[in-house]
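Participant: So that we are looking at the same thing, I have put the structure below in C-alpha cells.
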Amino acid sequence: MAAQLAVRQVDAAGDIGNEKVVIVNLAGNVDLAGWTLRDLRGHVFTLPALVLHEGGAVAVHTAAGTDTVIDLYWGLSAPVWRSGEQVVLADPSGGQHTTFTVP
C-alpha cells in the first residue's frame, strides 16, 4: 500500500514560538525516515526514523525543543511559514507526495 500522508494544518505561521506543521497518516504504517518538509524558498526539514501509525499525527515545530513521538523540532530561530506559501511533503526519493497552502 502506498503511503497516504497529508499535511493537515500549519499553526501560527510567522510566530516562531508556536509555528508548527501537522502531518497525519491516513492509511497503514509509514516510517518517516528520510521524508522531507520544504518550502519553495529552500528551507528543508528531514524527518527522522519514526513510524507513524494509521490515524496518527506528528507536529513539526519550527523552533528548538526536545523531540517526542508526537512532536519534532526543527531548531530554527526564525519562522519559516507565511500565508499563501506552499508546504511540500516529499518521500525519501524526493518525489512530491502532497502540498498544503498556508492559510
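The values are calculated or read from the model by the stated rules, or taken from the named source; none is laboratory data. In this text the structure is predicted, and so the values were computed from the model without any measurement. Cβ: placed from backbone, ideal geometry, glycine included. Neighbour counts: every protein chain shown. Ligands, DNA and RNA are excluded from the accessible area calculation, which covers all protein heavy atoms including side chains. Shrake-Rupley method; radii C 1.70, N 1.55, O 1.52, S 1.80 Å.
Participant: For the subset of region 25-39 comprising residues that are touching a residue at least 24 places away in the same chain (Cβ under 8 Å), open to solvent by 60 Å² or more (accessible area, probe 1.4 Å) and farther than 15 Å from G94 by Cβ, which member is nearest to the chain's Cα centre (by Cα)?
Facilitator: L26
Participant: Restricting attention to region 60-98, which residues are within 16 Å of V10 (Cα to Cα) and of a type in the set (G, A, S)?
Facilitator: Matches in region 60-98: A63, A78, S83, G84.
Participant: Just to be sure, is D15 part of a loop (DSSP other than H, G, I, E, B), at pLDDT 95 or above and under 14 Å from the mean Cα position of the chain (by Cα)?
Facilitator: no
Participant: Whether any residue in region 40-54 is of a type in the set (V, I, T) and in contact (Cβ under 8 Å) with a residue 40 or more places away in the chain is what I want to check.
Facilitator: no
Participant: Okay, moving on. Of the conditions (1) modelled with pLDDT of 95 or more; (2) surrounded by fewer than 20 Cβ atoms within 10 Å (Cβ to Cβ); (3) out of contact with any Phe, Trp or Tyr (no Cβ under 6 Å at 6 or more places or on another chain), A2 clears all except one; give me its number.
Facilitator: Against the list (1) modelled with pLDDT of 95 or more; (2) surrounded by fewer than 20 Cβ atoms within 10 Å (Cβ to Cβ); (3) out of contact with any Phe, Trp or Tyr (no Cβ under 6 Å at 6 or more places or on another chain), A2 comes up short only on (1).
Participant: Output the residues belonging to region 63-98 that are assigned to a strand (DSSP E or B) and either surrounded by 13 or more Cβ atoms within 10 Å (Cβ to Cβ) or in contact with a His (Cβ under 9 Å, 6 or more places away or on another chain) (or both).
Facilitator: D71, L72, Y73, Q86, V87, V88, L89, A90, H97, T98 - these are the residues of region 63-98 that are assigned to a strand (DSSP E or B) and either surrounded by 13 or more Cβ atoms within 10 Å (Cβ to Cβ) or in contact with a His (Cβ under 9 Å, 6 or more places away or on another chain) (or both).
Participant: Can we say V51 is open to solvent by 60 Å² or more (accessible area, probe 1.4 Å), more than 12 Å from the chain's Cα centre (by Cα) and at pLDDT below 95?
Facilitator: Here the answer is no, as V51 does not meet what is asked.
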